[in-house]
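Contents: one structure, followed by commentary.
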Amino acid sequence: MDFVASRADEKKHGWRNRVGEVLRHFGVTVFDPWMKPDIRGLHEFGREDEGTTEERDKWTFEMGPAGAAARAACADAFWPMLHVDLRMVDTSDFIVSYCPTNIYSVGTPHEIILCRQQHKPVLFVSPYVDFPALDDLEAHLKQRHDDRGLALLETLKAEVPIKGNPTGAPSLWYLPLVGGEHFFDGFGFADYRRSFDWPDTPLDAHEAQHPPRRPLLPFLASLNERLPEKWDRARRKFVPNDDWLFWELSRSEKQAPARRRR
């Protein structure tokens, strides 16, 4: 959310909206950081919008009381958002994370680690990353024999850095943390667009160019029918996955404990 191209577009048409809509269709309660639930006694506590990151403009490394006060103000301004987001992780059965390797992120890894410390599943989408506009620009500069432009482009690619991920492989740190069966290379929006009124977004064009081989949405739909298994390396087979702990709270009268009588 912090470093997306447009927070306004992301809030209105981002992947969270679509995944949330699919989950609600199956009767799931969804906690979306763009649309945080109301909190008793703390109206609007932790709400985020398009202008939330403007608080960062007040940041300074100035020494002394003035600098300390400015940094404290930045921290205090964002504390409610952090507090609510982590509480939503606490009260969720699982979380969905979208982690392109070209986007800098801090809050998402924090939430992933918190979720895994609680032995709850993280459904991790790691898409293919490429830069078509960059390739077009490089081809254009070569066609014009612009050696100076090509040199500047190579310097920019090293400074940013701009690095593609043609296989969609996540950071190696995530592999043992999340577990191999909970990684997905896309959402699989195309098969669900007839059922939901979704406008075209860059994610649709990206998935059309790189059709997911292991999409998330069919996996979410399958949770209504069976719980996922995990791969046991010692036994070399799939076994029950005890990360998926869903309370069975509905019990018949026969199963309910007898009430005490005085």
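Some points to look at:
- Most positive-pole-ward Cα, 103, 68, 30, against dipole of the stretch 30-112 from beta carbon charges: 68
- Helix 132-143 axis versus longest C-alpha principal axis of the chain: approximately 10°, rounded to the nearest ten.
- The residue list 155, 186, 123 was ranked by how far each Cα lies along the charge dipole of the chain toward its positive end, using unit charges on Cβ atoms, and 123 comes out on top.
- Per-residue ellipticity at 222 nm, computed for the chain from helices alone with -39500 (n - 2.57) per DSSP H run of at least four residues, works out to -11500 deg cm²/dmol.
- Spin-label zone in the stretch 135-153 - amide nitrogen under 15 Å from a point set 7 Å from the Cα of residue 102 along the C-beta vector: 135-139
- Hydrodynamic radius of the chain per Kirkwood, over alpha carbon pairs, in Å: 21.8
- Global geometry of the stretch 39-181, whether rounded, prolate or oblate, following the gyration tensor of its Cα atoms and the 1.5 cut on a/c: oblate
- Averaged over residues, the count of other Cβ atoms within 10 Å places the peptides 84-96, 137-149, 115-127 in the sequence 115-127, 84-96, 137-149, highest first.
- Near the amide H of residue 201, within less than 5 Å, lie no amide hydrogens of residues on another chain or at least 5 residues away, with H placed in the peptide plane.
- Among 15, 247, the order by Cβ neighbours within 10 angstrom, fewest to most, reads 247, 15.
- Under-5 Å amide H pairs with residue 230, H placed in peptide plane, nonlocal only: 239, 241
- Residues whose placed amide H lies under 5 Å from that of residue 39, excluding near-sequence neighbours: 44, 45
- Cross-linked pairs 11/120; 11/58; 12/157: Cα-Cα separations exceed 28 Å for 12/157.
- Relative contact order, percent, the chain [alpha-carbon distance under 8 Å, six or more residues apart]: 15
- Inter-label distance, nm, simple model (7 Å from Cα along the C-beta direction), residue 227/residue 146: 5.8
- Computed from backbone phi with θ = phi - 60° and the Karplus coefficients 6.51, -1.76 and 1.60, the 3J(HN,Hα) list for the stretch 173-187 is 5, 6, 4, x, 5, 8, x, x, 7, 10, 9, 9, 9, x, 9 Hz; x is used for glycine and proline.
- Between 0 and 90 degrees, the angle of helix 107-117 with respect to the longest Cα principal axis of the chain falls at about 30 degrees.
Taken together, the values in this text are just the output of simple stated rules run on the coordinates, not laboratory data. Quantities reported herein were computed from a predicted structural model and do not represent experimental measurements. Here the Cβ is made from the backbone with ideal geometry for all residues, glycine too, and neighbour counts use every protein chain on show.
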